[in-house]
Every structure is written in C-alpha cells, then in structure tokens.
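Notes to accompany the following structure.
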Amino acid sequence: MKKALWIPLLILALLLFVFTGCSSASDSTETPPDATTGDQSGDTTGDSESTGNTQEDVTLTAWYYFEEGTAEWYQAWADAVNETYPWITVELEELPYDSGPEKFTVACATNTTPDLYFDGFSRISPAVYGDLCLDVTDVVTEHQDVFLGEIKDGVVDGKNFYIPLQDGGGYAITVNMTLAEELGVTDMLPEDWTQWSYDDYLEICRAAKAADPSIYPTALYAGSSSADAAYYNLFIANGVELVNEDNTAAFNTPEALEVLEFLKTIIDEELCAGGPATTVAEDIFEYWSAGRLLFCMPTAFSNAASFYANMEAGNSAVFDFKLLAAPTSAGDYSPDCVTWGTYGVCAFKNNGNDEAIKLALGVMLEDPMYQNGIVNAIGKMSLLNNTTINYPTEELTEIMEQGAEYSANYARSDFGILESWWTDFRETFYPQLQDFYVGNIDAQTMLDTWEAGANGVLGAQ
C-alpha cells in the first residue's frame, strides 16, 4: 500500500538536513510523456511562434549521475525543452559515481565544463566560489513561488549560482535482516538502534562469519573517493571533528585512532570482502544486491528507497533490511551523523549559452512532473512545493520517517563539505586510507600524513 508523505517530510527537509546520497530509489506512479505528442503538464512559455523561430540552433550539454529510474525523467525534460524551444537541444550524459566526480573536477580545471551539471552542492560549491558558474538569479526570481523556502546554498553577494532541487537524510549502516535471521545473529543487534559499540559490531561480524564463511559480514572500500561520507560519518559519530575553527585539521585525535583501529580489525580478521584498498563503493552495492552482505556501510536513508526499487525491478535479491546509526567506541550515546548537502543544478558560463540555459531550467521548474518523477525514483525529498513523494510500501515509509526524525536530531553538514576548499581537502584522505588498508602505514602515521596534506590545502585558502 502506498502512503503519501509529502507535507510533513518536506517541511522537515527545510528545517533539518541536507542529503545527496548516492543511489536510486522508489517507485513512481507516473510515466514520462512523449514530448512529440505534446503530452505535458504545466504552462510553458516561449514556444517557436513567440520566438519567431529565428534563433540560431543551440545544443546544451547536461551531466547527471546514474540513479535507477531517473534517466527517463531527465530525457522527458530534454524532450520538453526541445518541443518548447525547437532551437534548443539538450544532450544528456549520465555519469557513474566512481569516476564522475573526477571528470567534473578536471572539467572545471580545464574550462571544459558542460552547460548544466546536476549534483550535490558539496561538489558544485568549488565551481560556484571559483566564479565558474552562471548567475541564475533571474530564473530563481521568476520561479520563486515553487521553492519551499529561502535558498541558501550557492548564494554569493546576494546572487544565485546554484538551484537546489532535492534534500534528504543522514548516513547510517544498513543491515540485511533476512540474512541476520539465517545466521542467527538477530538477537545480537542493538535494541536501541542509535547506540552500539565497535565491540558489538565486531562480535556480530565474527558470529556471522562463523555461521557461514561464504558471506561477507561487512565491506570496506578505498578504491576511489566515492561514498567517502560513510567514513566521515564514523569519525563524526565518534566525536571527531574534521576542521578547527581556525581552519586547521582537527582529526588527529585518540578518537580518530579508535575509528581506524576498528576498521583495521575488520580487515585483519577477514570480516570484510577481500581487497578493500582497491574496492570501490559500487562494488559494495553489488555484494548487497546479491544478498550476501550483512552490513552495508556506504548508505544514507535515501538508499533505502533505492534498495526497494532494485528488488522490485529484479535487480537485487529480495530481503528485509533496516538502518542503524553508526557504532561508536563507547556505544553509550546517540551519535551525530553526516549529511551530504542539497542536490541540485548549476550552469556554466564558459560556452556562451546563457539564454538557452535559463530557458531550459525554466521548463524544469515550471512543470512539477519532472521533479516528481526524479524524487520518486530516488527517494530524496523535493525542495519544490509542487512535487509529491510516494513510497511504495508501509515498511519503506516507516524507514523514511525514521530517517527524517534521526536527521532532525543528529544530522550535520558543517564539517567542511560546503566550503570552497572541500574538493581538494577530501582528496587528502583516500591515498592514506589505501596505504593503511594494505599495511604500509599504521593508524597514527595515516593521521599524521592526512593532517599534513589537509593543512596544506587549508593553508592555501
């Protein structure tokens, strides 16, 4: 039974948390229109008659990330842009999460950015503050009535250089409850889902491995910087700050050592899938979809909807699951958690297609159908007031309500992800993690090296 959750959750989205998570989600009751038939809702303006069809043809490039069920909605929007403004063609490129961020970073450095880029603000912000993005204040002003509240991300000197579209919830750890039952470890899971220790986590992994050596109790990854928020989530949950108020690295602490020693124990005792130094986050989701992974770490609450969607589409084994807060060393308090920022779109001024870009954005904002389709496909929450989120089951609705409450109390995005230096800062983490995972350096050396690299980035600001 579907249950609409939209007014309370969208209000919470404004008050509480930012979210970009990495994956796809729930089921949408709508199907994209065939733009060639004119089957569109909403009132669009500026058709070929009003322009006199005298405009020179323009091709806009738009990059977005692969998330199950979204491609058809981006394509429907691109088709609608072309129908409304026949001189504008939108060429879409779908990016994978393991290599897309690097491609975007290179594009910004080499002036080869697309016209439009859909992503989390944490990755977009360096482009905004680096004066690469197109001022879209007039688009925001024209469509002010569709936004739920004041736009804060991407505002520089009172001008908008980014349009937030979606929001979400905090990071957590997902447990395959069907597998837990088969392995006989259900009773070992924490009764209070926000309070459990590293020792609790390790004991469950050990018991699971003993019950069935063919499964993976958990999985770690350091092959790329994708889904690194899950690691920051462990640090922050254990009381570790990443940056001090004086803009210096803050993470070289005993609490951070506890996190690293916890991770190394998982590797040393072979409680995770092999080769964590080269494994990427996408590999973890493959293990999860096969139904052979007990704990999935790189997940936020939006992933719950994508897991259901993949099961429904036949792309995953079918099993029950729930989300738990990150464990901590002591396990005796409800931890903070990480959120990854709003998700939206920015435009670039390097290609000289300003007018066409703004018209294309207007088509998306004027018709709620496109954002409706996207947010219902990925389980995020819309920041527009003309969309409705539907979750396909009561179980998923319960999880998303849990995520909203959890995020309202514990979610944080103030650890650096919205700063202009973040893209370079995050690149100082993974090389050390890889060396640590293969045993080239110990935990303290990793923190020392990471601190030196991070301070070099912060000091250059």
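The values are calculated or read from the model by the stated rules, or taken from the named source; none is laboratory data. Please read these numbers as outputs of a predicted model, since none were measured by experiment. Because the Cβ atoms are built from the backbone with ideal geometry, glycine has one as well, and the counts that use them run over all protein chains shown. Quick note on the areas: whole protein, heavy atoms, side chains included, nothing else; ligands and nucleic acids left out. Shrake-Rupley method; radii C 1.70, N 1.55, O 1.52, S 1.80 Å.
The table below lists the values:
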| item | result |
| --- | --- |
| Size-normalised alpha-carbon gyration radius of the chain, reference 2.2 N^0.38 Å | 0.98 |
| Contact order normalised by residue count of the stretch 76-193, Cα under 8 Å, 6+ apart, percent | 15 percent |
| Where the chain is the region considered: accessible area per residue in Å², 1.4 Å probe | 38 Å² |
| Rounded accessible area of residue 183 (nearest 10 Å², 1.4 Å probe) | 20 Å² |
| For the chain, calculated [θ]222 nm from helices alone, where every DSSP H run of n ≥ 4 adds -39500 (n - 2.57) | -12500 deg cm²/dmol |
| Mean separation of Cα contacts under 8 Å (6+ apart) over length of the stretch 247-403, as relative contact order % | 23 percent |
| Between helix 71-84 and the chain: long-axis angle, C-alpha atoms, 0 to 90°, nearest 10 | 10 degrees |
| Separation between Cα centres of the stretch 238-307 and the stretch 363-421, rounded to whole Å | 23 Å |
| Most to least packed among 415-423, 334-342, 143-151 [average Cβ atoms within 10 Å] | 334-342, 415-423, 143-151 |
| Relative contact order %, the chain, counting alpha carbon pairs below 8 Å whose residues are six or more apart | 31 percent |
| With 5 Å bins from 0: P(r) over the stretch 215-354, alpha-carbon pairs, percent | 2, 8, 15, 19, 18, 15, 9, 6, 4, 2, 1, 0 |
| Antiparallel %, DSSP beta bridges [both residues in the chain], to 5 | 60 percent |
| Cα-based Kirkwood hydrodynamic radius, the stretch 165-297, one decimal, Å | 15.8 Å |
| Whether the stretch 358-461 is rounded, prolate or oblate, judged on the alpha carbon gyration tensor where a/c under 1.5 counts as rounded | prolate |
| Crossing angle, helix 354-366 versus the chain [Cα axis fit, 0-90 degrees, rounded to tens] | 70 degrees |
| Principal-axis tilt of helix 100-110 within the chain, Cα atoms, nearest 10 degrees | 60 degrees |
